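K.L.:
First the structure, then my questions, so here it is.
The values are calculated or read from the model by the stated rules, or taken from the named source; none is laboratory data. Because the structure is predicted, anything quoted here is derived from the model rather than measured. Please note: Cβ atoms are built from the backbone with ideal geometry, for glycine as well, and neighbour counts cover all protein chains shown. Ligands, DNA and RNA are stripped out before the accessible areas are found, and what is left, the full protein with its side chains, is counted by its heavy atoms. Shrake-Rupley method; radii C 1.70, N 1.55, O 1.52, S 1.80 Å.
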Amino acid sequence: MLETQIVDKELEQLKQGVKNLLGFNTFQYKDSYLGRRFDSRLRVYHLDSYHAYWELLQRDKVEQEKLLDELTINVTEFFRDTPVYSAFQQDIVPLILREKPGKIRIWSAGSSDGKEAYSIAMVFVDALGEQKARNRVEIIGTDIDKDCLMHGSAGQYVSRPGLIQTDIEKQLQFAPHPENYFTIDEHIYTVKPFMKNIVHFEYHDLISGQKKKNLDIIFCRNVVIYFTRELQEVLYQDFYNSLNPGGYFIMGKTETLIGESRNLFTPINTRERIFVKKT
Ligand SMILES: C[S@@+](CC[C@H](N)C(=O)[O-])C[C@H]1O[C@@H](n2cnc3c(N)ncnc32)[C@H](O)[C@@H]1O
């Protein structure tokens, strides 16, 4: 057998093993993505084959946790890609507040540690004030990473000034008065209790989870990029079905609608990847 064939075979075996052992649905993620993540774990142990790594993984519970961490890339920021939030604030929020008299239901799908969900909440609190926002807006953040969900529910974030990715002061420049939403103690930002009345978190696997219903806005950003093309198409159809008539879908800056899913949504802002459900 050629060396590449052995590597491919071992990768398939590792994928099957990880799916059975950890319940992480490897077959729905791109091989290029999985290969990079597995390789990074192989390097830690100086291993040179997926087979050797699989042998280790079965015995080592700590490594099983580490691999799950590696597979769920959690990079996120408050107001990640600020122009998206500017467009959302200016073009979508006033419209939806006019169009939808009752509670506005928003889903942050693949919410990581909650910064996206709280960013959306800040935009609505800014538009409506605290009391009205609590009555009018419900934001659900979902993820498969349980640590992230706990972090989001706790709502406490530590800022490490320097890089924008870790510098919460910088990320919050979009929000004119961070002290309205956070209790700030040096570099520790704790979301105020009223924000937790607007945002809540729950475990949900986009691949196998129950389909959601009656949503007015879906943010699914920087998540499906790791999934196979076939699954992306299925998910876009799911999002279409989950949205109420006239609902909005906001995707990541590097993501695009593919195949049949292009017929399901009309772009509102092509550059910022904001779409409305076609009726
Ligand atoms: C890169 S983060 C994106 C966070 C946020 N949406 C943003 O754009 O900043 C991707 C998140 O998707 C989550 N994820 C990966 N596969 C998932 C799945 N099958 N179902 C739900 N969430 C998933 C990961 O755990 C991770 O927290």
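K.L.:
Taking a quarter of the surface of the convex hull around the Cα atoms of the range 1-154, what do you get in nm²?
P.N.:
On the way: hull surface 47.1 nm².
Over every viewing direction, the Cα hull of the range 1-154 projects on average to 11.8 nm².
K.L.:
Rank by packing, highest mean first: peptides 139-145, 199-205, with packing defined as the count of other Cβ atoms within 10 Å averaged across residues.
P.N.:
Numbers: 139-145: 23.1, 199-205: 17.7.
Highest mean packing first, the order is 139-145, 199-205.
K.L.:
Near Lys277, which lysines are there with a Cα under 24 Å away, not counting those fewer than 8 places off in the same chain?
P.N.:
Straight-line reach from Lys277, under 24 Å: Lys100, Lys103, Lys211, Lys212, Lys213, Lys253.
K.L.:
Using only C-alpha atoms and all pairs of different ones, pull out the Kirkwood radius for the range 82-277 in Å with one decimal.
P.N.:
Evaluated over the range 82-277, this radius sits at 17.1 Å.
K.L.:
Turning to a different aspect of this structure: Relative to the longest principal axis of the chain, what angle (0 to 90°, nearest 10) does the C-alpha long axis of helix 50-59 take?
P.N.:
Helix 50-59 and the main axis of the chain meet at about 70 degrees.
K.L.:
Related question: I'd like the Karplus ³J(HN,Hα) series for the range 222-227: coefficients 6.51, -1.76, 1.60, θ = phi - 60°, whole numbers in Hz, and an x wherever there's a Gly or Pro.
P.N.:
6, 10, 6, 3, 8, 8
K.L.:
If you filter the range 163-195 for GluC sites (Glu not before Pro), then keep DSSP loop positions with at most 12 other Cβ within 10 Å, what is left?
P.N.:
Numbers: sites: Glu169, Glu179, Glu186; in loops: Glu186.
Taking the range 163-195 and a limit of 12 other Cβ atoms within 10 Å, the loop GluC sites (Glu not before Pro) found are Glu186.
K.L.:
Okay, next question. With a cap of 12 neighbouring Cβ atoms within 10 Å, and only residues DSSP puts in a loop, list the trypsin sites (Lys or Arg not before Pro) found in the range 182-235. Kindly include the intermediate steps, with their values, before the conclusion.
P.N.:
Working: sites: Lys196, Lys211, Lys212, Lys213, Arg221, Arg229; in loops: Lys211, Lys212, Lys213, Arg221.
The qualifying sites are Lys211, Lys213.
K.L.:
What aspartates and glutamates could a cross-link reach from Lys61, if we take a straight Cα to Cα line under 19 Å and drop same-chain neighbours fewer than 8 places away?
P.N.:
Filter leaves Asp39, Asp69, Glu70, Asp145, Asp147.
K.L.:
Straight-line reach from Lys192: which aspartates and glutamates have Cα under 20 Å away, leaving out those fewer than 8 places along the same chain?
P.N.:
Glu77, Asp113, Glu116, Asp126, Glu130, Glu138, Asp167, Glu169, Glu179, Glu202
K.L.:
Report the relative contact order of the range 7-129, percent, no decimals, based on alpha-carbon pairs under 8 angstrom and at least 6 residues apart.
P.N.:
Relative contact order for the range 7-129 comes out at 22 percent.
K.L.:
Along each of the three principal axes of the Cα atoms of the range 3-71, give the extent in whole Å, ordering the values from largest to smallest.
P.N.:
Between the extreme Cα coordinates on each principal axis of the range 3-71 lie 30, 27, 17 Å.
K.L.:
Ignoring ligands, DNA and RNA, what percent of the accessible area of the chain is carbon or sulfur (1.4 Å)? Don't skip to the answer; put the middle values down first.
P.N.:
Details: 6860 of 13730 Å².
The nonpolar share, carbon plus sulfur, comes to 50 percent.
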